[in-house]
Amino acid sequence: MTQAASQPVTFPLTRETPLDPPAPFGRWREEDPVRPMLYADGHVGWLVTGYSAARSVLADPRFSTRLELLHPPINQRLSQARRRPGFFLREDPPEHTRFRKLLTGQFTVRRMKQLEPRIEKITADRLDEMERLGPPADLVQAFALPIPSLVICELLGVPYDDHERFQGYSSTLLNLDATPAQVQGALDDLDAYLGELVARKRVEPDDALLSGLIETGQLTDEELTGVAILLLVAGHETTANMLALGTYTLLRNPDQLAALREDPSLADGTVEELLRYLTIVHLGPVRAALEDVELAGHLIKAGEAVTLSLAAGNRDPERFEDPDKLDIRRQAMGHLAFGHGVHQCLGQQLARIEMRIGYPALLRRFPGLRLAVPADDVAMRSNMAIYGVHRLPVAW
Ligand code: HEM
């Protein structure tokens, strides 16, 4: 390691250009894809910016998602992600495996396929509504947010009428400027809301996923509530931001947009490339070393934190040729936008279906779709754990 690469860096949040990860990542990855990082609370851990090192950490059982195992304990925000029953993203095998198996049984390819006509209908309804109201529209509120929210509500059996409530809670959870008290408050409210819903499903079951999980008889109400929190938050904010930010990206890359309009068979490749290029989970994930581990020539000591920049890994020239170029014809599969290893995104097939339906339907309905404000005036979600746009004013 060179002298420069041995100096702890802080995680950069400021982007020089809105669609590219912060510039220092590229420089650091070139110098050394694994380097010391200073966390906000003074803890010195590690930052991984290279594709293959990030993948190997994600696949290695010696790295845990249980951040309460970090030693010394890390800053308040991360420790808020303390263990809560059923929140299996923060569990390691074998506890994680118990939940993941039950959930995989509910997220079957068949069930996802069955949802397709419903997703098409939900998408068409939103487009009808946009057309009825006329331009300009905020694509986030009119299209990108309601589609995954409606879908996850149907899948879980959560009443969509309550969407303002749970969208408010999850937006607080993902807001980096929220105080620890606000985060705790949002978690408690979500807990109470979904806890009540689980209790109701016990007496009035339906054919949606939460009732399906209750029927297995293998989870307590507390665990079911934790699972519901995870799925509800992970299931709508992520896809919503991909739909809006992906549209913004296509509008800023007219040659790629024209290619997709001309050849709709490029839709699947476009979705993969947008996932890679945008990598909206832009601040982590973070793992805790359970024992001393040698990683790319560095000794990671037991208890140390390792932050993986998936966004930097997905722009690694050793894995993707000309990585900073958006190219909807490239083979982007193998990207890290959904993570890797045992925690790889459970909802990835659902998210893909929503995007494979959503982008083409939007472009078909509005052949003249364009930004209603100058591109640089669109406010980016730099202050949120999931990257995207706050609003996307469009016209057609
Ligand atoms: C484009 C949309 C999405 C992106 C980019 C995304 C990204 C991710 C990433 C990076 C992880 C791994 C986190 C880690 O390793 O620490 C993850 C895990 C997860 N995602 Fe997604 N996600 C998306 C959509 C969804 C949807 C629609 C759902 C639910 C319906 C979902 C549910 C989950 C769950 C439950 C986990 C935890 C899995 C586990 O720990 O075993 N995600 N997601």
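The values are calculated or read from the model by the stated rules, or taken from the named source; none is laboratory data. Since we're looking at a predicted model, the values are computed, not measured. Here the Cβ positions follow ideal geometry from the backbone for every residue, glycine too, while neighbour counts run over all protein chains shown. The accessibility values were calculated without ligands, DNA or RNA, using every heavy atom of the protein model including side chains. Shrake-Rupley method; radii C 1.70, N 1.55, O 1.52, S 1.80 Å.
Scan the stretch 55-66 for residues that are open to solvent by 10 Å² or more (accessible area, probe 1.4 Å) and either within 26 Å of PRO24 (Cα to Cα) or at pLDDT below 95 (or both) and jot them down. Even if it seems obvious, please write down each step before you answer.
Taking the stretch 55-66 as the starting set, the residues that turn out to be open to solvent by 10 Å² or more (accessible area, probe 1.4 Å) are 55-56, 58-63, 66.
Hits for the stretch 55-66 are ARG55, SER56, LEU58, ALA59, PHE63, ARG66.
Name the pairs whose Cβ atoms lie under 7 Å apart, with the first residue in the stretch 89-110 and within 15 Å of ALA228 (Cα to Cα), the second open to solvent by 70 Å² or more (accessible area, probe 1.4 Å) and more than 9 Å from the ligand (Cβ to nearest atom), and 6 or more positions between them or separate chains?
ARG90/ARG83; LEU102/GLN218
When only residues in the stretch 353-376 that are β-branched (Val, Ile, Thr) and touching a residue at least 24 places away in the same chain (Cβ under 8 Å) count, which is nearest to the ligand (Cβ to nearest atom)?
At the first step, the residues of the stretch 353-376 found to be β-branched (Val, Ile, Thr) are 353, 357, 373.
Filter once more, so that each one left must be touching a residue at least 24 places away in the same chain (Cβ under 8 Å): 353, 357.
Numbers: ILE353: 9, ILE357: 13 Å.
Result: ILE353.
Please go through the stretch 109-137 and give me each residue that is of a type outside the set (Gly, Ala, Ser) and open to solvent by less than 50 Å² (accessible area, probe 1.4 Å), ordered by number. If you could, list the steps in order and put the result at the bottom.
Taking the stretch 109-137 first, the residues of a type outside the set (Gly, Ala, Ser) are 109-123, 125-133, 135-136.
Passing the criteria: MET112, LEU115, GLU116, ILE119, ILE122, THR123, LEU127, MET130.
In the stretch 332-346, how many residues are at pLDDT below 95 and either within 21 Å of ALA228 (Cβ to Cβ) or not aliphatic (A, V, I, L, M) (or both)? Quick ask: steps written out before the conclusion?
Narrowing the stretch 332-346 to residues at pLDDT below 95: 333.
Checking which are either within 21 Å of ALA228 (Cβ to Cβ) or not aliphatic (A, V, I, L, M) (or both) leaves us with none.
Of the residues in that region, 0 qualify.
Taking only the stretch 152-165 into account, find how many residues are assigned to a helix (DSSP H, G or I) and in contact with a Ser or Thr (Cβ under 8 Å, 6 or more places away or on another chain). Step through it out loud before you land on a result.
Of the residues in the stretch 152-165, the ones assigned to a helix (DSSP H, G or I) are 152-156, 160-165.
Checking which are in contact with a Ser or Thr (Cβ under 8 Å, 6 or more places away or on another chain) leaves us with 160, 163.
Selection size over the stretch 152-165: 2.
Considering each of PHE99, PHE107 in turn, give the residue that is at pLDDT 95 or above and either assigned to a helix (DSSP H, G or I) or farther than 22 Å from TYR39 by Cβ (or both).
Values: PHE107 fails: at pLDDT 95 or above.
From the options PHE99, PHE107, the qualifying one is PHE99.
Within the stretch 140-163, how many residues are away from the ligand (no atom under 16 Å from the Cβ) and within 20 Å of the chain's Cα centre (by Cα)?
Just the residues of the stretch 140-163 that are away from the ligand (no atom under 16 Å from the Cβ), to begin with: 141-142, 159, 161-162.
Now drop any that are not within 20 Å of the chain's Cα centre (by Cα), which leaves 141.
Qualifying residue count, the stretch 140-163: 1.
For LEU350, are the conditions met, namely being in contact with a Gly (Cβ under 8 Å, 6 or more places away or on another chain), more than 17 Å from ASN253 (Cβ to Cβ) and either open to solvent by less than 30 Å² (accessible area, probe 1.4 Å) or within 11 Å of the ligand (Cβ to nearest atom) (or both)?
Working: in contact with a Gly (Cβ under 8 Å, 6 or more places away or on another chain): yes; more than 17 Å from ASN253 (Cβ to Cβ): yes; either open to solvent by less than 30 Å² (accessible area, probe 1.4 Å) or within 11 Å of the ligand (Cβ to nearest atom) (or both): yes.
Here the answer is yes, as LEU350 does meet what is asked.
Which one is most open to solvent (accessible area, probe 1.4 Å) among residues in the stretch 10-54 that are part of a helix (DSSP H, G or I) and farther than 14 Å from LEU308 by Cβ?
Residues of the stretch 10-54 part of a helix (DSSP H, G or I): 24-31, 51-54.
Of the ones still in play, those that are also farther than 14 Å from LEU308 by Cβ are 24, 26-27, 30-31.
Details: PRO24: 25, GLY26: 26, ARG27: 137, GLU30: 162, GLU31: 87 Å².
By that ranking, first place goes to GLU30.
If we scan the stretch 193-206, do we find a residue that is outside any helix (DSSP H, G or I), touching a residue at least 24 places away in the same chain (Cβ under 8 Å), more than 30 Å from ALA302 (Cα to Cα) and in contact with a Gly (Cβ under 9 Å, 6 or more places away or on another chain)? Walk me through how you get there before you give the answer.
The initial filter retains those residues of the stretch 193-206 that are outside any helix (DSSP H, G or I), namely 204-206.
Now narrow it down to the ones that are touching a residue at least 24 places away in the same chain (Cβ under 8 Å): 206.
This time we only want the ones that are more than 30 Å from ALA302 (Cα to Cα), so: 206.
Applying the additional criterion that residues be in contact with a Gly (Cβ under 9 Å, 6 or more places away or on another chain) yields 206.
For the stretch 193-206, residues outside any helix (DSSP H, G or I), touching a residue at least 24 places away in the same chain (Cβ under 8 Å), more than 30 Å from ALA302 (Cα to Cα) and in contact with a Gly (Cβ under 9 Å, 6 or more places away or on another chain): present.
So for the stretch 317-335 (the condition being under 26 Å from ASP60 (Cα atoms) and either open to solvent by less than 10 Å² (accessible area, probe 1.4 Å) or hydroxyl-bearing (Ser, Thr, Tyr) (or both)), does at least one residue qualify?
Yes.
Hey, could you check the stretch 142-157 for residues that are open to solvent by 10 Å² or more (accessible area, probe 1.4 Å) and not hydrophobic (A, V, I, L, M, F, W, C) and say which is nearest to TYR387 (Cα to Cα)?
GLU154
In the stretch 166-176, which residues are assigned to a helix (DSSP H, G or I) and either more than 15 Å from the ligand (Cβ to nearest atom) or surrounded by fewer than 16 Cβ atoms within 10 Å (Cβ to Cβ) (or both)? If you could, list the steps in order and put the result at the bottom.
Narrowing the stretch 166-176 to residues assigned to a helix (DSSP H, G or I): 166-174.
Selection gives GLY168, TYR169, SER171, THR172.
Taking the stretch 253-291, which residues are more than 16 Å from the ligand (Cβ to nearest atom) and open to solvent by less than 40 Å² (accessible area, probe 1.4 Å)?
Taking the stretch 253-291 and keeping what is more than 16 Å from the ligand (Cβ to nearest atom), we get 253-266, 291.
If the condition is that a residue be more than 16 Å from the ligand (Cβ to nearest atom) and open to solvent by less than 40 Å² (accessible area, probe 1.4 Å), then ASN253, GLN256, LEU257, ALA259, LEU260, LEU266 are the ones that fit.
Checking GLY235 against (1) of a type outside the set (Val, Ile, Thr); (2) part of a helix (DSSP H, G or I); (3) in contact with a strand residue (DSSP E or B) (Cβ under 9 Å, 6 or more places away or on another chain), which single condition isn't satisfied?
(3)
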